[in-house]
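To keep things clear, I will list the structure first and then write my remarks on it.
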Amino acid sequence: MNNIILCGFMGCGKSTIGKSAAKKTGRHFVDMDEYIEKQAGKTVAEIFAECGEEGFRELEHEACTELSKKRNLIVATGGGALTFKRNVEVFRGTDTIVLLDVPLRIIRLRLRNDKKRPLLQRPDRDKVITELYNSRMPKYLAAADVVVKGESTPLKTTNSLIEALNLRK
Ligand code: S3P
């Protein structure tokens, strides 16, 4: 079975929904940031601090390429991954790309106390989130084969994903 690649903005629930959908459908779940951390032996924050965002994007592209060669996965990508054409191209045609679509106002609430994501550790967090969200959303929409609304409870969103993709429960 081909892979399901979840994309969407930070805080849209890719990891939570991916994990529960994998459990319900007997697929393997991979969190791409955790995969990168394992390969690099460093946290995402450490990679950003030591190699800059550009260094992180290189490792992220390698992760996309490696994961696209596997099968039967549900992959939670990082929020930036599918905004790059080269990463979309790696998955397109073989895997199913799904956008978890959550409105900006909910994303802002969910990310309000985040201490982990390097891109958000700045005083103008709300402005950064709004600008990034508005510039990224068209890219996610262009990349996605399927769009699933992600503002409801994890259980409902997981079931919507399973139904939208007609996955076996
Ligand atoms: C990023 C999102 C993060 C992580 C990194 C960069 C982004 O993943 O990959 O901090 O550019 O949006 P989540 O979407 O899981 O937070």
Note to self: Within region 119-130, does at least one residue satisfy the condition of being over 16 Å from Gly11 (Cα atoms), surrounded by 15 or more Cβ atoms within 10 Å (Cβ to Cβ), at pLDDT 95 or above and not small (Gly, Ala, Ser)?
What the structure shows: no
Next item on the list: Would you check which residues across region 1-58 are within 10 Å of the ligand (Cβ to nearest atom), of a type in the set (Gly, Ala, Ser), within 17 Å of Pro118 (Cα to Cα) and part of a helix (DSSP H, G or I) and list them?
Entry: Ala45
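Collect the residues in region 64-85 that are crowded, with 17+ Cβ neighbours inside 10 Å and either within 10 Å of the ligand (Cβ to nearest atom) or within 24 Å of Arg122 (Cα to Cα) (or both), keeping them in residue-number order.
Across region 64-85, the qualifying residues are Ala76, Thr77, Gly78, Gly79, Gly80, Ala81, Leu82, Thr83.
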Note to self: Of everything in region 36-63, what is surrounded by 19 or more Cβ atoms within 10 Å (Cβ to Cβ) and aromatic (Phe, Trp, Tyr)? Give them in sequence order.
What the structure shows: Phe56
Next item on the list: Kindly indicate which of Val128, Val146 is among the β-branched types (Val, Ile, Thr) and within 12 Å of the ligand (Cβ to nearest atom).
Entry: Val128
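Return yes or no: is Val128 closer than 28 Å to Leu67 by Cβ and in a strand (DSSP E or B)? Give the derivation first.
Details: closer than 28 Å to Leu67 by Cβ: yes; in a strand (DSSP E or B): no.
It is false that Val128 is closer than 28 Å to Leu67 by Cβ and in a strand (DSSP E or B).
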Next item on the list: Go over the candidates Asp101, Asp95, Asp33, Asp114 one by one and state the one that is surrounded by 13 or more Cβ atoms within 10 Å (Cβ to Cβ), on the phi < 0 side of the Ramachandran plot, acidic (Asp, Glu) and in contact with a Leu (Cβ under 8 Å, 6 or more places away or on another chain).
Entry: Asp114
Note to self: Can you list residue pairs whose Cβ atoms sit under 7 Å apart, with the first residue in region 58-80 being touching a residue at least 60 places away in the same chain (Cβ under 8 Å) and the second being in a helix (DSSP H, G or I) and surrounded by fewer than 15 Cβ atoms within 10 Å (Cβ to Cβ)? Count only pairs 6 or more apart in sequence or on different chains.
What the structure shows: none
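The values are calculated or read from the model by the stated rules, or taken from the named source; none is laboratory data. Worth saying up front: this structure is predicted, and the values here are computed from it rather than measured. For neighbour counting, all protein chains shown are included, and Cβ atoms are generated from backbone atoms with ideal geometry for every residue, glycine included.
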